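The next block holds one structure in the form of structure tokens; read it before the comments.
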Amino acid sequence: MTHVARTVRLVSDLFDGYRLDAHGAYDEVFGADGRPHASSAPLHAVLQQLSASDLDTRTAALARAFRDQGITFSLSGEERPFPLDLVPRVVPAHEWAVVERGVQQRVRTLEAFLADVQGRQEVLRDGIVPRRVVASSSAHTRAAYGVVPANGVRVHVSGVDLIRDEQGEFRVLEDNLRTPSGVSYVVENRRAMARTFPELLSAHRVRPVSDYPERLLAALQAAAPARAGGDPTVVVLTPGVYNSAYFEHTLLARLMGVELVEGRDLTCRDDTVWMRTTGGERRVDVVYRRIDDDFLDPLHFRPDSLVGCPGLLNAARGGGVTIANAVGNGVADDKLLYTYVPALVRYYLGEEPVLPNVDTYRLEDGDQLAWVLEHLDTLVLKPVEGSGGKGIVIGPQASDAELATLRTAVAADPRGWIAQRVVRLSTSPTHVGDRLAPRHVDLRPFAVNDGDEVWVAPGGLTRVALPEGSLVVNSSQGGGSKDTWVLAAEGAHDDAEPTPGRPPMLPRPGLGRHRMDRSPADLNDQQQQQQQQQDRGVSPC
Amino acid sequence: MLSRVAEELYWIGRYVERAEDTSRLLDVHVYSLLEDPWVDPQQASRDVLRVMGEPVPEGPVDARRATEALSFPRTAPGTIAGSLAAARDAARGVREALSSELWECLNATYHALPAQEAAMRTLGPHGFFRYVRERAAVVAGLIDGTMPRDDGWRFLVLGRSLERVDMTARLLRSRAGRSSASSGWVDLLKCCSAHEAYLRSYRAAVEPERVVEFLVLDRLFPRSIYAALVQAETCLVELDPSAGRAGHEDAARRLLGRARTALEFRTYDEMLHELPELLDMLQRTVSEAGEALGQRYFAHGTALTWTAEADA
């Protein structure tokens, strides 16, 4: 297929020269024939009526609003806005149903795995996952072993990163079970889109994402230790204002109506956590922590941590407090364990995986390692420990020197790397310069587990790689975001409420010199008299 | 409420009031120099710096230099820009405890500072001072209209009231004992937006004694020292309504109560006679009350560093 044949021919300026990916990536708006998918037709129709300057004006207004509201992330100590692209990503109901089921399945599986591996370890005995995979994970910690969470939940919040392959099928790229961030942008992006692009939003029936904080609070309360009673005290624990996700921490605390605490606000005594308030100390029952395990408790982990709270882990172990997400979850979202997750789905749930993995090679296997070392220039190599896109090498885009360095590094430490097939992430029209151009996107839906149900927020963070052709979407690597619009199924209501009867109409006093009891005739008389007085005053008699 | 949050709220109140009062002071100062041919600009500018507790540089100090020293440097907490930046920083650390409108207002004010400074250099300072006053009024309005009257609100208002006592005392101190040329006293009233209120309540020409009385003792004017003291005291009472059988446990409340009664029950002549000492006492009171608040409400955990187990 030539490039020309895949160029979308349209009258609109904005889509002029919109060229589908030469390497066959799926496009979120256009089919291979250059016509919009049915679910994208309304989006396409509205965008066609706009000019580039319309988009520019709105983008500028949006950037200013984000700056004034302080919707930023910190990169090396500097506050930056997380650029929001004005073209949303639309997910039709039937596609979302797959995502939702797949994420739920994934979370239930990994919950079962964590409970097992930090308890009876049957999965290791049965040989589904080799013992060394768990033991060699740097997130594996004795501290987590034997802590029994109050309602059995360890993964209160998760973010499962999805991509779409060339056929348009969603695949899991990685699981985030520790402290996944980004949900604040899901909430704020929607608010911003509703304000800057009302006509676009009203052309769709989009499921709301605003009840995320409410769901999260309910799940955290449900996870409280039994002794907390009916009204547990939940706090959000942040490393502080210099953390890259600080904005998110404040947003969640604000929208849940709970305190945002730092380590220095907390103190532990007798397996109980207290916070220092102006009214003395108050007991804390659930800590939604946004601090990594390593820094959480200097008594157990890094002794030089100043952002944690000494004694927190013992308090959790003694049943005095619930830590969410639980300590030690990293063993289940390790990049090497990822390759075993489909097997774990079958093992624990007896189901076939709804969402497949990306084809991945385990490098501990000698044959696979040899093959991978031969084909580095066609694969993606990821460090097992990395996050935020650090250290990832995309073979086809790497120089010979980079590949040589990589070869040495991988050969020296096969456990430290995984290799994956290069998936051309799907593309979505993105505002670049004075028109729309295809840019690669991924999707991070967020799931909240309250012990009874895994709820997947209908939406999620769509991250977009802004440099042309780039496949790395992380915000720290020059990524932006898009609002994710999950369309409501035909005839469905999220929360159907009966329409209340019409309220009675009551007159409002005011006007006419603020008096309702004076007749217009009175007012006229008064005005005339005032005028006459004035006339008389001026007349020279 | 968290002690750390309470402390930040208190300081937000103080910083915003400080920015506002400083801009009021400078606005009047700059334009009185322009309009009044008898004032020595050097001396007046030095006085302004001294009153604000800023170091007075060697060499000539004109109004422009004093204005810039008190407006721009963003790292100094005594300048207008510095106060606004500090207020915004404090707010950023506790934004979940503020209404989002209030946070946005502080944040947007901070982000507009560079543009305002540039405008001040080309168009003169009045626009800048006006901007600061208006933003402070928006902050006050948002505190009034969007914050519940809980302890958070009390700490905000407490900080604002104490800063107002301090700043008004400083303003008066710059005048106390000086000649009675009436234009200076009119300026003083204008600094506090009190000129019209003064005229309406006294229906008489501006006299130094009356100005002092009005700015120190007036019960109804919200920027008077007395009114600000009472406001601060009310906040403290509401923060801890329990009153013991004898005396007051709360050191801050004791300090403020003592200062208030010292004003309330002093004769008019005594007050005029001892004005400089009285104003010094008020500034000291604010500083000591701040320390007492710190000990009572803003308890800090000691920063602990743990080391790996020592070798046996």
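The values are calculated or read from the model by the stated rules, or taken from the named source; none is laboratory data. Fair warning: this is a prediction, and the values are worked out from it, not measured in the lab. Cβ sites come from the backbone with ideal geometry, for glycine too, and all protein chains shown count toward neighbours.
If you scan the stretch A:268-291, which residues turn out to be buried (at least 19 other Cβ atoms within 10 Å of the Cβ) and charged (D, E, K, R)?
Correct list: A:ARG276, A:ASP285, A:ARG289, A:ARG290.
Pairs only if they're at least six apart or on different chains, beta carbon under 6 angstrom, first in the stretch B:1-24 and in contact (Cβ under 8 Å) with a residue 40 or more places away in the chain and in a helix (DSSP H, G or I), second surrounded by fewer than 24 Cβ atoms within 10 Å (Cβ to Cβ) and of a type in the set (Lys, Arg); list them, first residue then second.
Sorted first by the residue in the stretch B:1-24, then by its partner, the pairs are B:SER3/A:ARG276; B:GLU20/B:ARG133; B:SER23/B:ARG133.
For the structure I just gave you, tell me whether B:ALA86 is surrounded by 20 or more Cβ atoms within 10 Å (Cβ to Cβ), touching a Leu at 6+ places or on another chain (Cβ under 8 Å) and at pLDDT 80 or above.
Here the answer is no, as B:ALA86 does not meet what is asked.
Looking at (1) under 28 Å from the mean Cα position of the chain (by Cα); (2) of a type outside the set (Ser, Thr, Tyr); (3) surrounded by fewer than 18 Cβ atoms within 10 Å (Cβ to Cβ), can you tell me which one A:GLY350 breaks?
Only one criterion in (1) under 28 Å from the mean Cα position of the chain (by Cα); (2) of a type outside the set (Ser, Thr, Tyr); (3) surrounded by fewer than 18 Cβ atoms within 10 Å (Cβ to Cβ) is unmet by A:GLY350, namely (1).
Restricting to the stretch A:369-382, and then to whatever is out of contact with any helix residue (DSSP H, G or I) (no Cβ under 6 Å at 6 or more places or on another chain) and touching a residue at least 40 places away in the same chain (Cβ under 8 Å), can you tell me which residue is farthest from A:VAL341 (Cα to Cα)?
A:VAL372
For residues in the stretch A:229-249 being within 15 Å of A:ILE291 (Cβ to Cβ) and polar (S, T, N, Q), which is nearest to the chain's Cα centre (by Cα)?
A:SER244
Among the residues of the stretch B:61-75, count how many are in a loop (DSSP other than H, G, I, E, B), touching a residue at least 12 places away in the same chain (Cβ under 8 Å) and touching a Gly at 6+ places or on another chain (Cβ under 9 Å).
Number of matching residues: 2.
Collect the residues in the stretch A:66-104 that are away from chain B (no Cβ under 14 Å) and in contact with a Pro (Cβ under 7 Å, 6 or more places away or on another chain), keeping them in residue-number order.
Within the stretch A:66-104, A:VAL87, A:TRP96, A:VAL99, A:VAL103 meet the criteria.
Hey, among A:GLY319, A:GLY311, which residue is at positive phi and in contact with a strand residue (DSSP E or B) (Cβ under 6 Å, 6 or more places away or on another chain)?
A:GLY311
Just to be sure I understand, how many residues within the stretch B:285-311 are within 12 Å of chain A (Cβ to nearest Cβ) and either at pLDDT below 60 or part of a loop (DSSP other than H, G, I, E, B) (or both)?
Total meeting the criteria: 13.
So for the stretch B:78-91 (the condition being part of a loop (DSSP other than H, G, I, E, B), within 14 Å of another protein chain (Cβ to nearest Cβ) and not charged (D, E, K, R)), does at least one residue qualify?
No, the stretch B:78-91 has no match at all.
I'd like to check which strands (runs of 3 or more DSSP E) are fully inside the stretch A:236-331 and have at least 2 residues that are facing chain B (nearest Cβ under 9 Å) and free of Cβ contacts under 8 Å to residues at least 40 places away in the same chain.
Hits in the stretch A:236-331: A:259-261, A:272-277.
Are any of the residues in the stretch A:413-429 in a helix (DSSP H, G or I) and over 21 Å from A:ASP333 (Cα atoms)?
Within the stretch A:413-429 (the criterion being in a helix (DSSP H, G or I) and over 21 Å from A:ASP333 (Cα atoms)), the answer is no, since none of the residues qualifies.
Here are some residues: A:ALA224, A:ALA219. Which one is touching a Ser or Thr at 6+ places or on another chain (Cβ under 9 Å) and either part of a loop (DSSP other than H, G, I, E, B) or crowded, with 23+ Cβ neighbours inside 10 Å (or both)?
On the way: A:ALA219 fails: touching a Ser or Thr at 6+ places or on another chain (Cβ under 9 Å).
After ruling out the rest, the residue left standing is A:ALA224.
Check A:GLU214, A:GLU199 and return the single one that is over 19 Å from A:ALA488 (Cα atoms), assigned to a helix (DSSP H, G or I), away from chain B (no Cβ under 14 Å) and of a type in the set (Asp, Glu).
Within the list A:GLU214, A:GLU199, the selection yields A:GLU214.
With the checklist (1) at pLDDT 85 or above; (2) over 22 Å from B:THR122 (Cβ atoms) in hand, flag the one item B:GLU58 doesn't pass.
Condition (1) is where B:GLU58 drops out.
Criterion first (within 14 Å of chain A (Cβ to nearest Cβ), surrounded by fewer than 19 Cβ atoms within 10 Å (Cβ to Cβ) and touching a helix residue (DSSP H, G or I) at 6+ places or on another chain (Cβ under 7 Å)) does B:ALA108 satisfy it?
Details: within 14 Å of chain A (Cβ to nearest Cβ): yes; surrounded by fewer than 19 Cβ atoms within 10 Å (Cβ to Cβ): yes; touching a helix residue (DSSP H, G or I) at 6+ places or on another chain (Cβ under 7 Å): yes.
In short, yes.
Look through B:ARG253, B:ARG223 and report the one residue that is part of a helix (DSSP H, G or I), among the charged types (D, E, K, R), away from chain A (no Cβ under 14 Å) and crowded, with 16+ Cβ neighbours inside 10 Å.
Within the list B:ARG253, B:ARG223, the selection yields B:ARG253.
List, please: which pairs have Cβ atoms under 8 Å, are six or more places apart or on different chains, and start with a residue in the stretch A:399-412 that is farther than 15 Å from A:VAL372 by Cβ and end with one that is among the aliphatic types (A, V, I, L, M)?
A:GLU402/A:VAL393
Looking only at the stretch A:149-162, count every residue that is farther than 17 Å from A:ALA457 by Cα and at pLDDT 95 or above and tell me the total.
Adding up the residues that qualify gives 2.
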